[in-house]
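Novice: Please see the structure below; I have some questions.
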Amino acid sequence: MNMHTQPQRTPAETALIDAFGDRLSLLPGDGAVMLKRDDAIETIKHGLPTRRVESWHYTDLRRLLNTVPDFDPAAMAKAIAPIVDGSTVVSILNGKSDAKVPVLEGVSFQRLSETLVDGSAAAGLDPYGSDDAIGALNTAFVADGYFVDIADGVELEKPVELQNLQAGGQTHVRLPVRVGAGAKAVIVERQTGDGAALGSSVSQLVLGEGAEVTWLIVQEQPETATHLAQFKAHIGKNAKLTLFVMNAGGRLVRQEIMVRTTGEGADFKLRGINLLAGDTHTDVTMVLDHAVPHTTSTEIIRNVVTGKARGVFQGRINVHQYAQKTNAKMACNTLLLSDDGEFSTKPELEIFADDVICGHGATVTEIDHDHLFYLMARGVDEKSARGLLVKAFVAEVIEELDDEAIVEALEARLDGWFLAHG
Amino acid sequence: MLEIRNLHARIVDDGTEIIRGLNLTVKAGEVAAIMGPNGSGKSTLSYILAGREDYEVTEGDILYNGQSILEMDPAERATSGIFLAFQYPMEIPGVATMEFLKVAMNEQRKARGEEPLKIPEFLKRVKEAAASLSMEMAMLKRPLNVGFSGGEKKRAEILQMKLLEPKLCVLDETDSGLDIDALKIVSDGVNALRAPDRAFLVITHYQRLLEHIVPDTVHVLYKGQVIKSGDKSLALDLEANGYAGVIGEAA
C-alpha cells in the first residue's frame, strides 16, 4: 500500500489514466498480459517521475510531459525507404503491424499483437526497477510491434529495418528480437513520423552465444513529438553488440539503454550522436551491467547543441562482484554551439569487483579555432568551414562503424540534419 | 605581387609585438627566401599573410597585387590566390581528405567564376598530383592529415598547393621534418609550380632547402624586421658564418 500523499495529478497523468480506461477493451492480451497492464497503470497512477527521482533528475517527466494527445486510429502513416538499399523492411504504421510480413530465409517475423494475445509476450513486459516510467507506459498501452527471430548461424547480408512510423496521436510499440547463436545481423530501428505524437517504443534484444549484431537507432521525430524509448539487451557468451543511437529530432526524447553482459567474452559498444536543435529536450540514459567476468565495453557519445536545446547523457556502469577482468570505457563529448543550449552529463561507475579497468571522461568544447583557420586558409568560407567541423565531430563516430553502406547511410541522415539546421 | 610596408604586428592575447617595421617586396615569378634565427618572426609573418586572427596588425600595410589584404578573412585571402603551406598542418579527424580537397578546389573555382569540377575530372587531377608527389591514394582516403607522418603532412600541403593553383605561395619551414628523399620530392613539386605569374615566399632555417628550391632573393629576418637582403649567395654566407655576422652588421 502506498502511504505517501500524492500531489495533484497533472493533466498529462490524468489523460493517460483516462486513456487506459477508454482503451482497455481494445488492447490485446491474455490474462497474464492484462495483469501486467494493470500493474503498469498503477505505476503511472502513482505519478510520473520528477527530478526528485534520481534517474530522472535531468528529465523531469512530470513537468516536461505537459500534453498527451488522444489516440488517432484513423491517422495514416506510410512506409518509407530504408536507409540502406536492399534492406528487408517491416513497418509499424501508426502503432499497427502489417499482417503481411516479409519472407527472409532464417528469419521469422511475427506480429507482436499475436504474442500478446497468446501470452508469450507477457514475460517481457516486466518493468525495469521501480522508476521505470517508460516501461510502465509501454506495458500499459502496447498494442503491437514485431517479434523477430533470427535463427542460429544465420548471417544476413543486408540489414533488417524495423520502422516505427507515427502519424500523430499515441503509439506504443515493442520490438523483441532474438538473434541465435553464431548469427550475424545489422538491424536498423527507425523512429520517425510527422505528427505531434506521444510514442513509447521498447526494443528487447537477446544475443545468443557468439552472435554479432550492429543495431542502429535512427530517431528523426518532428520537433513536436514526444518519444520515449527503451533498448534492452542481453549479450551472451562471446557475443558482440554495437549499438549506434542517432537522435536528430523530437521535442521531448528519452532513449534508455539497458544492457547486460550475460556470458564471458561478451562485448558491447555504444556509439551515440545527439544532434540537438530548437527548444527541445533529449535524454540518453544508459545502465550497463557487467554481470559476468571477462566482458568489455566502450561507450562514446557525441553531442552537437544548437538553439535552446537541452541534452542529457547519463551513463551508469555496474560491475558486479564476480565480474573480474571487466574493461569498460565511457566518453561523452559535447560541442556547444549556442549560449542558450545546455548539456548535462552524469557518468556513474559502480564497481564491486577488484580487478577491473573502468574509466570515463566528459568534455564540452567549442569549435577548434586552429582547425577553423586551417580550413579557411584553403578558401573555405567561415560558415562552410564551421559546418564541416561540426559534421566531422560527429562523423568520426560514424566512420568507426567500418561498414561502407551503413556509414554512407548514416552520413546521409547527418547531411539531412545539417541541411535543415545549418 | 606582394608588398609589405612598415608592418607592425602583435599577438592579440598578450600584446607582444612580433613584427616591428617589416618591409618586403616580392615580384611575380620571384622565389624569395626568408631566413632568420628562431623567434625572429618568420612563422608569424606567414600567419599574418594568411590572416590568422591571433595576430593584429597595428601599423603598416600588406598589398597583394596593389590591394590591401588586411581587411580580408583567411578564406577571402585564399580564394584571391594566397596559399600558406603550414609548418605544422592540422590533423582534422572526421573531415575526409578527398571531400575537403573537393570543397577547397571548388571554392577556388567559384571565386574565379568557374563551374564546380565534375567528379571524374576532380579524381583525375588528384591522382595526377598525388602521383607526382609519390603519395598513395590510400592516404587520401583517411581523414585530413590524421595519422600522417611529418613528411606525409608536408607532401599533403604541397599536394593542396598544386591542386589549388595559388598565385602567392608561402611555405613555412616546409623542409622541417623531411628526410632527404622527401625533401627532393617536395622541392620538385614546388619547382614544377614555378611560373612567371606566381611568386613564392620560402621560409626556412637552413640553406639545405634552398639547394633544391633555388631562390631569386634572400632576406634575413631578425626581431621582426628584414635586416639584410641579397641574392642566393647570402644564404650560403649564412650557412657558412651563421646569423651573428649579419645581425652584428645591422646592429
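Novice: Suppose the chain between A:A123 and A:D22 were pulled fully straight at 0.36 nm per residue; how much longer would it get relative to their current alpha carbon spacing?
Specialist: Length gained between A:A123 and A:D22: 33.9 nm.
Novice: Let me know the charge dipole size of the protein assembly as shown about its Cα centre in debye, to the nearest 20, where only the beta-carbon of Lys, Arg (+1) and Asp, Glu (-1) is charged.
Specialist: 440 debye
Novice: Per residue of A:382-390, how many C-beta atoms from partner chains lie within 10 Å of its own C-beta, taken as a mean?
Specialist: 3
Novice: Based on Cβ point charges of +1 for Lys and Arg and -1 for Asp and Glu, what charge dipole magnitude is obtained for the stretch A:11-366 about its Cα centre, in debye rounded to the nearest 20?
Specialist: 240 debye
Novice: Within 10 Å of each Cβ of A:397-405, how many other protein chain Cβ atoms are there on average?
Specialist: 1
Novice: So who's got an amide H within less than 5 Å of the one on A:M330, skipping anything under 5 residues away but keeping other chains? H placed 1.01 Å off N, in plane.
Specialist: A:E299, A:G359, A:H360, A:G361
Novice: Helix B:119-132: angle to the longest alpha-carbon principal axis of chain B, degrees 0 to 90, nearest 10?
Specialist: 50 degrees
Novice: Gap in Å between the Cα centre of the stretch B:1-66 and the Cα centre of the stretch A:291-328?
Specialist: Spelled out, the Cα-based centre of one part sits 49 Å from the other.
Novice: While we're here: Over 27 Å between Cα atoms: which of B:K42/B:K124; A:K237/A:K329; A:K308/B:K102; B:K162/B:K232; B:K27/B:K124 fall into that group?
Specialist: Pairs exceeding 27 Å: B:K42/B:K124; A:K308/B:K102; B:K27/B:K124.
Novice: Here's another thing I want to ask about it. Rounded to the nearest 0.05, what FRET efficiency do A:H369 and A:M34 give with R0 = 60 Å and r taken as the Cβ-Cβ distance? Could you check?
Specialist: According to the calculation, E is roughly 0.50.
Novice: Continuing with the same structure: What FRET efficiency comes out for the pair A:A181/A:S130, r = Cβ-Cβ distance, R0 = 51 Å, nearest 0.05?
Specialist: 0.90
Novice: If you don't mind, there's one more thing I want to ask. With unit charges on the beta carbons (Lys and Arg positive, Asp and Glu negative) and the dipole taken about the Cα centre of the protein assembly as shown, which residue among B:C169, B:I180, A:A12 sits farthest to the positive side?
Specialist: The residue sitting most towards the positive pole is B:C169.
Novice: Next up: Among A:65-78, B:177-190, A:330-343, how do they line up by average Cβ neighbours within 10 Å per residue, starting with the highest?
Specialist: In descending order of packing, they fall as A:330-343, B:177-190, A:65-78.
Novice: Now a separate question. Quick one, could you list the DSSP H helices from chain A stretching 20 Å or more along their long axis (Cα atoms) with average Kyte-Doolittle hydropathy of 0.0 or above?
Specialist: A:382-399, A:404-421
Novice: Further, regarding this structure: Dipole of the stretch B:106-145, Cα-centred, from +1 at each Lys and Arg C-beta and -1 at each Asp and Glu C-beta, to the nearest 20 debye?
Specialist: 60 debye
Novice: Can you tell me which of B:44-52, A:178-186 comes out highest on packing, and rank the rest after it, using the mean Cβ neighbours within 10 Å?
Specialist: Descending packing order for the listed peptides: B:44-52, A:178-186.
Novice: Hey, can you grab everything whose amide H is under 5 Å from the amide H of A:Q230? Only 5+ residues off in sequence or another chain; H modelled, so Pro and N-termini drop out.
Specialist: Answer set, sorted by chain and number: A:S201, A:V202, A:S203, A:E256.
Novice: Distance between Cα centroids, the stretch A:137-184 to the stretch A:116-130: provide it in whole Å.
Specialist: The stretch A:137-184 and the stretch A:116-130 have Cα centres separated by 15 Å.
Novice: Step through the residues of the stretch B:38-46 one at a time and calculate ³J(HN,Hα) from phi using the Karplus curve (6.51 cos²θ - 1.76 cosθ + 1.60, θ = phi - 60°), rounding each to whole Hz and writing x for Gly and Pro.
Specialist: Using θ = phi - 60°, the values come out as 3, x, 7, x, 4, 5, 4, 4, 5 Hz.
Novice: Also, I was wondering about something else. Need one value for B:90-98: mean number of C-beta atoms belonging to other chains within 10 Å of its residues' C-beta atoms.
Specialist: For peptide B:90-98, the averaged partner shielding equals 6.
Novice: Total Lys pairs in the stretch A:1-158 closer than 23 Å by alpha-carbon, pairs eight or more apart in sequence or interchain only?
Specialist: Number of lysine pairs found: 6.
Novice: Given H placed on each backbone N at 1.01 Å, which residues far from B:A85 in sequence or on other chains put an amide H within less than 5 Å of it?
Specialist: HN-HN under 5 Å from B:A85: B:V170, B:L171, B:D172.
Read the figures in this text as sums done on the coordinates, not as results from a lab. Here the structure is a predicted model, which is why all the values come from computation and not from measurement. Virtual Cβ from ideal backbone geometry, glycine too; neighbours counted across all protein chains shown.
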